[in-house]
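The values are calculated or read from the model by the stated rules, or taken from the named source; none is laboratory data. Here the structure is a predicted model, which is why all the values come from computation and not from measurement. No Cβ is skipped: glycine too gets one built from the backbone with ideal geometry, and neighbour counts run over all protein chains shown.
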Amino acid sequence: MCGIIGILGKNDVAPSILAGLKRLEYRGYDSAGVATVMTGQLDRRRAPGKLSALEAVMEERPLGGPTGIGHTRWATHGAPTKTNAHPHATERVSVVHNGIIENFAELRQELIDNGAVFESETDAEVCPQLITHYLETQNCAPAEAFHNAIKRMRGAFAFAAIFSGEDDLMICARKGSPLAIGHGDGEMYLGSDAYALAPFTNRITYLDEGDWAVIRRAGVDIFDNGGKKVLRPETISSASAGIVEKDGHRHFMAKEIHEQPEVVAHTISRYVDPVSKTIKLPDGAFDFAALDRLTISACGTAFYAGQISKYWFERWAKLPVEVDIASELRYRDVPYTPNGGALFISQSGETADTLAALRDAKSYGQKIAAVINVPESSIARESDIIFPIAAGPEVGVASTKAFTCQLVALACIAIAAGRARGILTLQDEIEIVGALLETPRKLSEALKASGSIEKIAHDIAKAEDILYIGRGVSYPLAMEGALKLKEISYIHAEGYAAGELKHGPIALIDENLPVVVIAPLDAHFEKTVSNMQELMARGGKALLMSCKKGLQQAGDGIWTSIEIPETDNMLAPIVYAVPIQLLAYFTATTKGTDVDQPRNLAKSVTVE
Ligand code: G6P
């Protein structure tokens, strides 16, 4: 994980590096640091905590110099202290690192045996120490020392280094973690993504796996793994330079929850012809009629979107689907078939586990598709087909609008699959699309429950554990509800299939354990309500989410309820996502936790 930025500028670069880091804070925010070369001398400033802490340090002790690197950290090896913050440095070189160096322990021991003195507990520090070793003991030039050092390191990482005595030099490497080089006018830039560089330039060259590059103000020389000079294309990035604002909301998460009617409508418009009410998929999409199997994989919230879509692919397209979390998929012997397809879902498009699962499926000859929010991301670039969502930048670490937009894209793909496989008739398609077109309005209605959800959240905030239950398409949503709550309120929560409650978790039920019951008025409603009665009979507190009719039919004795607009049964998770998100949000604001940047998490998880 972690965010990297580097600038070879005309004036002092530290303020621009800080501005770039602000755009990379989604990658981690445990600590941050900046290093520069000024009149040949390396210097650095580092601070534990959010970027604002580093800004305060730099206000007191500014850092000059036209050549610099910066870093925002998500701790892997070593606590988020100042000593462990990047850049890590020797007198000769200063380095920022993203990823994990798997063989750092043996390298560290070897360097210590040769007299090196380490100051941090990080894996990253072996990099400047190794480079220094090659600079000093073998008299290597900086590029040679850097290349020798990366050849010794195993793992998935990205590095950037600046050197004492070298005002016009920055060297970087990509092996597993993305890096983008930005071309300016007599200036050069480096960033973990094009978004970080958007305020400076839109002319971007992406490094390929295994590439390393020597950057000077006049341009860049890129080398492949074997040291051969290679050409990588310069592209024009569409990343916007604008800073995403909260638009009057207290938190990005609140803003993003409220944006859903609009962004869901945008996403629908990418896939639906509103006149004929039929689906149009991007060119080159799967040949669904020939497809005999679909493997879906993702992490976190995107994984739950995938699980919900399994119900759609099976119902509408009778397509065998399996869904697994990306960090596990590779460890199985998945029986991939020659006519199989693999679909990966990712908001950021940079999640390391998802990318690794994608590469694994590709190695088995699967056609690769991705439902993605960031079109220039690594996952998008490595896929055969992209299904974009139109969520716009999602800043809050807990995913909200990306989730509902992913569901929309997945529903459209499943409907198209159903038509191609002859399971859905044109009339069926028109009916489901008609229901889908109503979801933005239903989302707006669902948002009106905000006030009552906020009141309920005052009680939920007192709980230490919470269960979420649902059946059918509401089951993965129950797990998403639990994930949302634990991510931002730090309350322990679990999502269960409603029918599974009696096979174990019911033992937990007492008057202190609220159970959120997700029960749209669908074919499973009565059974879910029976499960709710079973827990209420044991003194449990039920929070029922259903439509007006559902709430009327559910009987008495319910602790509290949230009314949701009546929706199409299969598409219900898109609308029920809103109260799920609001409940987590208001519980967190009641507890006073950091909603947008919850502890220990990061928005884009680029380590496995
Ligand atoms: C992190 C975030 C989650 C997100 C997951 C997958 O864990 O905290 O909110 O769902 O990564 O991210 P992706 O960008 O691949 O959708």
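Assorted remarks:
- Looking across segment 535-548, just one residue is in a helix (DSSP H, G or I) and loosely packed, with under 15 Cβ neighbours inside 10 Å, and that is Lys548.
- The condition of being among the charged types (D, E, K, R), within 14 Å of the ligand (Cβ to nearest atom) and under 21 Å from Ile257 (Cα atoms) holds for only one of Lys448, Lys484, Lys442, Lys455, that being Lys484.
- Of the numbered criteria (1) touching a residue at least 40 places away in the same chain (Cβ under 8 Å); (2) within 30 Å of Ser399 (Cα to Cα), the one Asp208 fails is (1).
- Only residues that are touching a Phe, Trp or Tyr at 6+ places or on another chain (Cβ under 9 Å) and assigned to a strand (DSSP E or B) were counted across segment 205-223, and they come to 6.
- If you check Thr267, Thr301, Thr235 for being within 16 Å of the ligand (Cβ to nearest atom), hydroxyl-bearing (Ser, Thr, Tyr) and modelled with pLDDT under 95, only one passes: Thr267.
- Test result for Ile379, touching a Gly at 6+ places or on another chain (Cβ under 8 Å), within 11 Å of the ligand (Cβ to nearest atom) and not in a helix (DSSP H, G or I): no
So that you can scan it fast, the table gives a plain yes or no per residue for (1) out of contact with any Gly (no Cβ under 8 Å at 6 or more places or on another chain); (2) modelled with pLDDT of 95 or more; (3) under 24 Å from Leu601 (Cα atoms):
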site	(1), (2), (3)
Ser52	yes, no, yes
Glu55	yes, yes, yes
Gly65	yes, yes, no
Ile69	no, yes, yes
Arg73	no, no, yes
Pro87	no, yes, yes
Val93	yes, yes, no
Asn114	yes, no, no
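- Tally, over segment 311-364, of residues that are within 14 Å of the ligand (Cβ to nearest atom) and in a loop (DSSP other than H, G, I, E, B): 5
- Selection from segment 386-406 of residues that are hydroxyl-bearing (Ser, Thr, Tyr) and either within 10 Å of the ligand (Cβ to nearest atom) or in a loop (DSSP other than H, G, I, E, B) (or both): Ser399, Thr400
- Filtering segment 595-608 for residues that are outside the structural domain of Lys50 (by TED's automatic domain parsing), under 22 Å from the mean Cα position of the chain (by Cα) and free of Cβ contacts under 8 Å to residues at least 24 places away in the same chain leaves a non-empty set.
- Any hit, segment 144-159, residues being in contact with a Lys or Arg (Cβ under 8 Å, 6 or more places away or on another chain), more than 20 Å from Val214 (Cβ to Cβ) and at pLDDT below 95: yes
- You will find that of Thr132, Thr137, the residue that is of a type outside the set (Gly, Ala, Ser), out of contact with any helix residue (DSSP H, G or I) (no Cβ under 7 Å at 6 or more places or on another chain) and surrounded by fewer than 16 Cβ atoms within 10 Å (Cβ to Cβ) is Thr137 and no other.
- Residues in segment 556-607 that are of a type in the set (Asp, Glu), over 24 Å from Ala265 (Cβ atoms) and more than 16 Å from the ligand (Cβ to nearest atom): Asp556 alone.
- Close contacts from segment 291-303, counting a first residue that is in contact (Cβ under 8 Å) with a residue 40 or more places away in the chain and a second that is assigned to a loop (DSSP other than H, G, I, E, B) and within 16 Å of the ligand (Cβ to nearest atom), with Cβ to Cβ under 6 Å and a gap of 6+ residues or different chains, come to Cys299/Thr351; Thr301/Ser399.
- Segment 90-124, residues that are assigned to a strand (DSSP E or B) and touching a Leu at 6+ places or on another chain (Cβ under 6 Å): Ser94
- Criterion (crowded, with 23+ Cβ neighbours inside 10 Å and over 27 Å from Glu500 (Cα atoms)) met by exactly one of Leu477, Leu443, Leu437, Leu467: Leu443
- Once segment 168-225 is narrowed to residues that are surrounded by fewer than 24 Cβ atoms within 10 Å (Cβ to Cβ) and of a type in the set (S, T, N, Q), the residue that is nearest to Glu102 (Cα to Cα) is Asn225.
- Residues (crowded, with 24+ Cβ neighbours inside 10 Å and within 19 Å of Arg216 (Cβ to Cβ)) located in segment 21-41: Ala35, Thr36, Val37
- Only one entry in Ile558, Ile488 is more than 33 Å from the chain's Cα centre (by Cα) and touching a residue at least 12 places away in the same chain (Cβ under 8 Å), namely Ile558.
- Qualifying positions in segment 407-431 - surrounded by fewer than 23 Cβ atoms within 10 Å (Cβ to Cβ) and either touching a strand residue (DSSP E or B) at 6+ places or on another chain (Cβ under 7 Å) or in a helix (DSSP H, G or I) (or both): Ala416, Arg419, Ala420, Leu426, Gln427, Asp428, Glu429, Ile430, Glu431
- Across segment 390-411, not a single residue is classified as in contact (Cβ under 8 Å) with a residue 40 or more places away in the chain and more than 23 Å from the chain's Cα centre (by Cα).
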